[in-house]
1. Condition first: farther than 23 Å from residue 60 by Cβ and modelled with pLDDT under 75. Can you find one or more residues in the stretch 107-123 that meet it?
2. Please specify each residue of the stretch 146-158 satisfying the condition of being part of a helix (DSSP H, G or I) and surrounded by fewer than 16 Cβ atoms within 10 Å (Cβ to Cβ).
3. Here is a list: 248, 274. Which entry is assigned by TED's automatic domain parsing to the domain that holds residue 177 and under 20 Å from residue 182 (Cβ atoms)?
4. Only one of these is in contact with a Pro (Cβ under 8 Å, 6 or more places away or on another chain) and of a type in the set (A, V, I, L, M): 277, 242, 268. Name it.
5. Mind counting the residues in the stretch 232-259 that are part of a helix (DSSP H, G or I), buried (at least 20 other Cβ atoms within 10 Å of the Cβ) and not aliphatic (A, V, I, L, M)?
6. Could you say whether any residue in the stretch 136-145 is surrounded by fewer than 16 Cβ atoms within 10 Å (Cβ to Cβ) and either among the acidic types (Asp, Glu) or on the phi > 0 side of the Ramachandran plot (or both)?
7. Can you find a residue that is farther than 22 Å from residue 52 by Cβ, of a type in the set (S, T, N, Q) and part of a loop (DSSP other than H, G, I, E, B) anywhere in the stretch 306-318?
Amino acid sequence: MNEPKSEIYSTITSTSTLTMVKVSKNGMPRPKMRWITHILLILACFFVSIPALLAVRLSTLNLQESFELAPVFLPFGDDLFTNISVLFGAPDPDLQVGGGATSVSAQQGSSHNFARLISNTVIVALVVVIGKTGLSLLAGFAFVYFRFPGKNIVFFFILLTLLMPTEIILTPLRTLMADLNWSGNYPQLALTMPFIASAFGTFLFRQHFSNIPRELAEASQIDGASPLRFFVSILIPMSWNVIMAMALIQFIYMWNQYIWPQVIFNNVNSPDQLIQVGVRRAALSGQNSDFGLLMTAGIIASLPPLFLFVLLQKQFMSGFAITRDK
């Protein structure tokens, strides 16, 4: 029997079933199957996005509305820009006492200063990203291109630190910061120095450099290039995707720091605090939990890493491609 010219049948054989899948002449699924696939993907994306959609809606509500209205997607409120202005220091209209007179804190402005918190977090995250990425690059370079006694043992202990939860070293780290007097006098050092070294970064760049042909190093030696010149002129230009992926991961990690800043600063209202602590502070408006203000704070705090991820998405995906010619 002749097969139809407009389509072919592709047979998929498994251990227990035999399935016939209808495809077009060029091997692509037929339009009907594509529409079904797209509809299923859209539904899956919608269900995954439900928490974010509810957060966006709550961010448009004031204190009273966030308690009264049911958790649905509509209607939106009118207080989004009011919540944003409160987070950046404007008076909070929800802080009122009987008779309609605003409290002292409302007259003077809110205690939230997201502009300062964001700038603090950006500085801390950039310092850690630059220091950690640079140190990881040098460590990976040393483990691949240099020979020294106990190299494999040292690398084993570096990998061993990946199995150690961060929480179990918080108390020793806090004691060390106090002994160095960094917690009180140099909080920026206390927020950054414990995170400069990275076992994950060392492992990532070691694996990446191991995939680069050794002939490049031998050719550079023949040309008289020093190891540092080979590192700067050849390895780094070939590693930009991995560097960007590493930088993005570490930036998001530092941006989401919550426990360590509270360990360093005894006062959550310190002007040197980081953004995630500020998000937690935004949950309280007087004696009540202001969910509208909290959701607004969460959305604002998530925008910088989201923008950075969208900007570096291609480099991030390429940086983890397991190929020899990446």
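The values are calculated or read from the model by the stated rules, or taken from the named source; none is laboratory data. Model, not experiment: these values are computed from the prediction. Because the Cβ atoms are built from the backbone with ideal geometry, glycine has one as well, and the counts that use them run over all protein chains shown.
1. Yes, because at least one residue in the stretch 107-123 is farther than 23 Å from residue 60 by Cβ and modelled with pLDDT under 75.
2. Those that are part of a helix (DSSP H, G or I) and surrounded by fewer than 16 Cβ atoms within 10 Å (Cβ to Cβ): 151, 152, 153, 154, 156, 157.
3. Details: 248 fails: under 20 Å from residue 182 (Cβ atoms).
Selected residue: 274, the only one of 248, 274 that is assigned by TED's automatic domain parsing to the domain that holds residue 177 and under 20 Å from residue 182 (Cβ atoms).
4. Numbers: 242 fails: in contact with a Pro (Cβ under 8 Å, 6 or more places away or on another chain); 268 fails: in contact with a Pro (Cβ under 8 Å, 6 or more places away or on another chain).
Every option except 277 fails the conditions.
5. Number of matching residues: 3.
6. no
7. no
Here's the yes/no breakdown for (1) loosely packed, with under 14 Cβ neighbours inside 10 Å; (2) at pLDDT 90 or above:
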{"site": "160", "(1), (2)": "yes, no"}
{"site": "163", "(1), (2)": "yes, no"}
{"site": "166", "(1), (2)": "yes, no"}
{"site": "176", "(1), (2)": "no, no"}
{"site": "181", "(1), (2)": "yes, no"}
{"site": "192", "(1), (2)": "no, yes"}
{"site": "199", "(1), (2)": "no, no"}
